[in-house]
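Participant: Sharing a structure, written as structure tokens. Questions coming.
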Amino acid sequence: MNFIFNITAVKPLISLDTSVLQVDIGKVSQTFLKTLVEGIKPGKYELKKVGKKRSVSANNYAWYLCTEIANKLRSTKVEIYRKAVGEVGRYTEMYFPNPKAMESFEEIWKRNGIGWFLVPVSKYVAHAYHGSSVYYTDEMSRLIDWLVDEAQGLGIPTMSDKELLVMIGRWDRDRKRMG
């Protein structure tokens, strides 16, 4: 498991029988800290400095924001993600001959992933939302912009506009390479 965080201070504590390295990582979310502490077990570790050019994938950043927003709102990251997809995501308007056909289609559709869901508009019409795994750059950018706005409204720190542009660009290049 890899963790990337800023170290703001280091203090060695040395006694006759042991050495302890106290590390101040600044203000982080309780979720991150809990995950970090649970992930560290006795063993051998490599500690290395990360350069400034590291990239965060757009997908990981979106899920990070979903988690942080969910923590603030006492919700789940999945509920926040689905809300974001429902607010700004891509959908296909579907017409069904009867309500049973809509139910059957929904069962199949949602197997694609968490972002794939149906919102009924009427008895025979529904919006079939597509998960972000198939988004184009502008769609992913819109999803992250919505999450950033929500996060900032709740006082959650976010990336700068410049960092977001670089990250979305890298995400688009990676997506195109994978086909």
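Participant: With the requirement that a residue be under 15 Å from GLY86 (Cα atoms), crowded, with 17+ Cβ neighbours inside 10 Å and not hydrophobic (A, V, I, L, M, F, W, C), what does segment 143-169 give you?
Facilitator: Within segment 143-169, the subset under 15 Å from GLY86 (Cα atoms) is 143-147, 150.
Then keep just the ones that are crowded, with 17+ Cβ neighbours inside 10 Å; that gives 143-144, 146-147, 150.
Correct list: GLU150 only.
Participant: For segment 71-127, name all the residues that are free of Cβ contacts under 8 Å to residues at least 24 places away in the same chain and either acidic (Asp, Glu) or in contact with a Phe, Trp or Tyr (Cβ under 8 Å, 6 or more places away or on another chain) (or both).
Facilitator: Correct list: LYS77, GLU79, GLU103, PHE105, GLU106, GLU107, TRP109, LYS110, TRP116.
Participant: For residues in segment 139-177 being under 16 Å from THR67 (Cβ atoms) and polar (S, T, N, Q), which is modelled with the lowest pLDDT?
Facilitator: By that ranking, first place goes to THR158.
Participant: Does THR67 count as of a type in the set (Ser, Thr, Tyr), closer than 27 Å to GLU150 by Cβ, modelled with pLDDT of 85 or more and loosely packed, with under 13 Cβ neighbours inside 10 Å?
Facilitator: On the way: of a type in the set (Ser, Thr, Tyr): yes; closer than 27 Å to GLU150 by Cβ: yes; modelled with pLDDT of 85 or more: yes; loosely packed, with under 13 Cβ neighbours inside 10 Å: no.
No, not satisfied.
Participant: Name the one entry in PHE117, PHE105 that is of a type in the set (Phe, Trp, Tyr), more than 21 Å from GLY169 (Cα to Cα) and buried (at least 20 other Cβ atoms within 10 Å of the Cβ).
Facilitator: None of the others qualify; the one that does is PHE117.
The values are calculated or read from the model by the stated rules, or taken from the named source; none is laboratory data. Here the structure is a predicted model, which means the values were calculated and not measured. Note: ideal-geometry Cβ built from the backbone for every residue, glycine included; neighbour counts use all protein chains shown.
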